[in-house]
Structures are given as C-alpha cells and as structure tokens.
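Read-outs throughout are calculated quantities, based only on the coordinates presented, and are distinct from any laboratory measurement. This is a predicted model, so every value here is computed, not measured. Glycine also receives a Cβ, built like all others from the backbone with ideal geometry; neighbour counts cover every protein chain displayed.
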Amino acid sequence: MTPPFIRNHHFNIIQHQARLLQQACASAADPKVLRSVREGVQLALYEAFPDADAGQRALLEPIADWHAADDFRLGLQALQAYRLPFPALAEGELRRLFPKAKKLKGPDPGALELERTTYLGWTEAGSGRMFLVCDIDGSRVGVEGSVTGSVRGKNVCFACRHHSEVGLFTAIAKHRPAKASPDYYKAIGNYICLDSAACNRQIEDAGPLERFVRDVTAR
C-alpha cells in the first residue's frame, strides 16, 4: 500500500482542482472546454507532485477523469487515507523551539487536526506575541514575533494568498552581518491570517511561508 504522501497544502490543491472540474462537468456544453479543464487539472497535479512515484501517480491521475458527483465525493474521501499529518510536537520540543518564551503555552493538542496542518500558528493571549512552527527539510523550526490587531478590512495573507482578517506579523531576523553594530537588528514583517486554522484550510503553496521562516532564522 502506498504510504501517506499528501501534505495539507497539496490536498488543498487537489480539492481546488476537483471543484473546478466538477463545475465544468456540470456546466460545460462544449466537449473541448471540458477537455481543456481536464488537461489543466492534470498539469496542476503534475506540478504539485513532480516527484510522484508509480503508486502515487496511480492515485492522482484518475482525478482528471472524474465526472459524476460520486466520483468527486468518493474520490476525495478515498484520498484522505494518504494525507501526511504535520508532526506532533511534545511540550519539551516546543520549549526547545522557543527557549526565550516564558510560560509558553502552545495550541491545544486535542483541537489540532494535524492532517489539515501545513504550519502551526497561535497567538499568546494578552501579549501580542505570535508563534509559528513550520516543517523545513524534515525539521521543525519555530519563529516568534509580534502581531498587530486585525488590519482594517480584509487584506491578502502572505501565506495562503487569500483575502482574510489579517494582522502584521513581525519577527527579528537572526542573521547579523559581519561588522554590524551591537544594536543592529532587522525586522521582517508580513500580513498573516489571524485564524491559523482557516489559513491552513486555504494554503496551497508552502513556499512563501518557508521562505519567510528561512529569512528570519537564516536557515
């Protein structure tokens, strides 16, 4: 049996492409239009899984041929077994990731849906501190920073690229250039969803978030 291989943001891509195809199947009268949509789905999945092996391709390639409502419902349901969960974090590992955070309280483990998680994000009540944990090259990496309140109106989250209720998350880069003055620091900021669970439901590309974490941590 093929082991789990579909990360959360990849499953979001699959769901997005499945919705596009289901809408086309329901509304496209021209066979050429439907064929074009199917080809677009095939391309999007290939780009999302460029290193898929034979077993993985056998699961992904039929998606572009789905047609009936049951194809989409049962097909997505079957793929749930291949979702790769975000690694669970013990309390000790959280303290290691954020050694300077006093009385650190992470997210409630019982409320987490790790199969639906690309990154962990939570805000410390009353302090204006936000914590992110990402999986970079197989290792968990933590970033701590300050976050503003909700920006007036909705704005684009840099992580999921959706219009959402966002705050400005700002972290201090750990890299210090040679010959920098003792008081040198570089702040890196981006708008991010205040609701991390909603962000994880929408994110389809982990690249922007991973680049942000690498910039801050100098990895």
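Some points to look at:
- Other residues with beta-carbon under 14 Å from the beta-carbon of E204 carry, at +1 per Lys or Arg and -1 per Asp or Glu, a net charge of +2.
- With both labels modelled 7 Å from their Cα along Cα-to-Cβ, the K105 to A58 distance reads 4.9 nm.
- Helix axis angle, 69-79 relative to the chain longest principal axis, alpha carbon, degrees: 40 degrees
- Near W122, the amide H atoms lying under 5 Å from its own belong to F131; only residues 5 or more places off or on other chains count, and H is placed 1.01 Å from N.
- Taking only Cα atoms of region 91-217, radius of gyration then Dmax in Å: 14.6, 47
- Relative contact order [Cα under 8 Å, 6+ residues apart], region 91-217, whole percent: 21 percent
- Once C-alpha pairs closer than 8 Å and six or more residues apart are averaged by separation and normalised to the residue number of the chain, the relative contact order reads 19 percent.
- Computed [θ] at 222 nm, helices only, for the chain once each DSSP H run of length n ≥ 4 contributes -39500 (n - 2.57): -11500 deg cm²/dmol
- Within a Gaussian network of the chain (alpha carbon springs, distance under 10 Å), most fluctuating of R96, R129, R161: R96
- Taking the Cα centre of region 91-217 as origin and assigning +1 to Lys and Arg Cβ atoms and -1 to Asp and Glu Cβ atoms, the resulting dipole is close to 600 debye.
- Net charge of Cβ neighbours under 12 Å - reference P99; Lys, Arg +1; Asp, Glu -1: +2
- Shown in residue order for region 161-169 are the 3J(HN,Hα) couplings computed by the Karplus curve 6.51 cos²θ - 1.76 cosθ + 1.60 at θ = phi - 60°: 6, 10, 6, 8, 6, 10, x, 8, 8 Hz (x for Gly and Pro).
- Amide hydrogen proximity for R7: with H placed 1.01 Å from N in the peptide plane, the residues at 5 or more positions away or on another chain lying under 5 Å are L84.
- Dipole check for region 8-82: with +1 at the C-beta of Lys and Arg, -1 at the C-beta of Asp and Glu, and the Cα centre as origin, the magnitude is about 200 Debye.
- Region 38-130: relative contact order in percent, alpha carbon pairs under 8 Å with at least 6 residues between: 22 percent
- Given +1 at the Cβ of Lys and Arg, -1 at the Cβ of Asp and Glu and no other charges, the dipole of the chain around its Cα centre is 980 debye to the nearest 20.
- Each residue of region 91-106 was assigned a 3J(HN,Hα) from its phi angle through the Karplus curve 6.51 cos²θ - 1.76 cosθ + 1.60 (θ = phi - 60°); the sequence is 4, x, 5, 4, 5, 5, 5, 10, x, 8, 7, 7, 6, 5, 10, x Hz, with glycine and proline shown as x.
- Using alpha-carbon coordinates, inclination of helix 207-217 to the longest axis of the chain, degrees: 20 degrees
- Our coupling estimate for region 192-201, obtained by passing each phi through the Karplus curve with A = 6.51, B = -1.76, C = 1.60 and θ = phi - 60°, is 9, 4, 6, 9, 5, 5, 5, 4, 5, 6 Hz, Gly and Pro reported as x.
- FRET efficiency for E165 and T2, using Cβ-Cβ distance with R0 set to 35 Å, rounded to 0.05: 0.40
- Among (i) 31, 27, 13; (ii) 37, 19, 17; (iii) 26, 19, 18, the entry derived from the coordinates for semi-axes √(5λ) of the Cα gyration tensor in Å: (ii)
- With the charge dipole of the chain set up from +1 on Lys and Arg Cβ and -1 on Asp and Glu Cβ about the Cα centre, the Cα lying farthest toward the positive end among the listed residues L114, S36, F158 is that of F158.
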